[in-house]
1. If you check residue 69 against the conditions, is it part of a helix (DSSP H, G or I) and surrounded by 16 or more Cβ atoms within 10 Å (Cβ to Cβ)?
2. Being loosely packed, with under 13 Cβ neighbours inside 10 Å, modelled with pLDDT of 90 or more and either small (Gly, Ala, Ser) or within 15 Å of residue 35 (Cα to Cα) (or both) is the filter here, so list the residues in segment 99-122 that pass it.
3. In segment 1-44, what residues are of a type in the set (Gly, Ala, Ser), over 22 Å from residue 63 (Cα atoms) and modelled with pLDDT of 75 or more?
4. Filter segment 72-91 down to residues that are touching a residue at least 24 places away in the same chain (Cβ under 8 Å), under 19 Å from residue 34 (Cα atoms) and surrounded by 14 or more Cβ atoms within 10 Å (Cβ to Cβ), then give me how many there are.
Amino acid sequence: MGYSDFVSDLNPEEEAKSDFETVPSGKYDAVITEVDWRENRAQTGHYLYLVVQIIGPTHAGMKVFDRLNLDNPNEKAVRIARSSLSQICLATGQKSDPPTNFLNLPLLVSVAEETDDRGKSNSIKAYYPAATSFPPVVRQVTRPQDSMEPANQEHDKAKAAWLG
């Protein structure tokens with residue numbers, strides 16, 4: 001089958017409409033779900049591509065994308081990218097290398113909704129530490145009473161006596 005077989009019934013006026021939705025400007029709890037080091041289109045540098053998924057309080061599941069131009073002939077682009085990367089490090093408490101350190105850690109993102117000649121889009125303006133922390137997963141371990149060390153038994157007796 002050739003190209004014509006796939007586009008013969010194309011209706012540009014109808015099909016040009018996109019299901020793509022943007023996120024309203026605001027701050028959102030989020031996690032970085034993907035990181036990738038990519039070459040830029042002009043092949044003059046590289047950027048760190050980030051997929052940031054909103055987890056709440058609203059718009060959970062929506063994704064926002066960021067490109068940190070860390071290797072670029074434009075010094076201003078590099079400064080902005082390094083600032084964003086530093087914000088991510090501070091927000092997550094992780095080092096920047098490897099960037100997979102950032103995956104699935106909670107943070108707060110400031111998202112802007114913008115409109116240009118191509119339509120609406122989102123950009124991430126800043127990264128902050130998560131507004132709420134997620135409770136750690138606690139594993140309960142039970143031990144048989146007779147395997148407890150004497151020191152632990154003494155501690156339990158002292159605690160019981162103190163509690164009265």
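The values are calculated or read from the model by the stated rules, or taken from the named source; none is laboratory data. On a predicted model such as this, the values are computed, not experimentally measured, just so you know. We place every Cβ from the backbone using ideal geometry, glycine too, and count neighbours over all the protein chains shown.
1. Numbers: part of a helix (DSSP H, G or I): no; surrounded by 16 or more Cβ atoms within 10 Å (Cβ to Cβ): yes.
No, not satisfied.
2. Scanning segment 99-122 gives 100, 104.
3. Keep residues of segment 1-44 that are of a type in the set (Gly, Ala, Ser), which gives 2, 4, 8, 16, 18, 25-26, 30, 42.
Pick out the ones that are also over 22 Å from residue 63 (Cα atoms) and you get 2, 4, 8, 42.
Passing the criteria: only 42.
4. From segment 72-91, those touching a residue at least 24 places away in the same chain (Cβ under 8 Å) are 72-73, 81, 84-85, 87-88, 90-91; that's our starting set.
Now drop any that are not under 19 Å from residue 34 (Cα atoms), which leaves 81, 84-85, 87-88, 90-91.
Now narrow it down to the ones that are surrounded by 14 or more Cβ atoms within 10 Å (Cβ to Cβ): 81, 84-85, 87-88, 91.
Residues meeting the conditions: 6.
Condition check ((1) assigned to a helix (DSSP H, G or I); (2) at negative phi; (3) among the β-branched types (Val, Ile, Thr)) across all residues:
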| residue | (1), (2), (3) |
| --- | --- |
| 49 | no, yes, no |
| 52 | no, yes, yes |
| 77 | yes, yes, no |
| 85 | yes, yes, no |
| 94 | no, yes, no |
| 101 | yes, yes, no |
| 115 | no, yes, yes |
| 121 | no, yes, no |
